[in-house]
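Only one structure is covered here, and it is reproduced in the block below.
No lab work stands behind these numbers, since they all come straight from the coordinates. In this text the structure is predicted, and so the values were computed from the model without any measurement. So basically every Cβ, Gly included, is an ideal-geometry build from the backbone, and we count neighbours across all protein chains shown.
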Amino acid sequence: MAIIVDIDVMLAKRKMPVGVLAERVGITPANLAVLKNGRAKAVRFTTLEALCEVLECQPGDLLRWESDDQRAIP
């Protein structure tokens, strides 16, 4: 079971560079990269709220759940 982070998808839809998002959200580019690449173990609601505000989206646009079975299918 895994939570998939789709920040890249929203960045592409908004045509926004990662550095601009990090600056507007108020986190370091390194911490944004950890979150964006799915290596984060947690995310604060305040950070999630800021991401949604800047990207004008819902939390479900950034995070989704996939079972291990779904990820195993090519």
Inset, instruction - Mind putting a number on the dipole of the chain about its Cα centre? Charges go on the C-beta only, +1 for Lys and Arg and -1 for Asp and Glu, and I need it in Debye to the nearest 20. - result: 220
Inset, instruction - Report the semi-axes of the equivalent ellipsoid for the chain in whole Å, largest first, where each axis is √(5λ) for an eigenvalue λ of the Cα gyration tensor. - result: 22, 13, 12
Legend entry - Sparse-neighbour loop sites [GluC sites (Glu not before Pro); the chain; at most 12 other C-beta within 10 Å; DSSP]: Glu56
Legend entry - segment 2-72, relative contact order [Cα under 8 Å, separation at least 6], %: 51
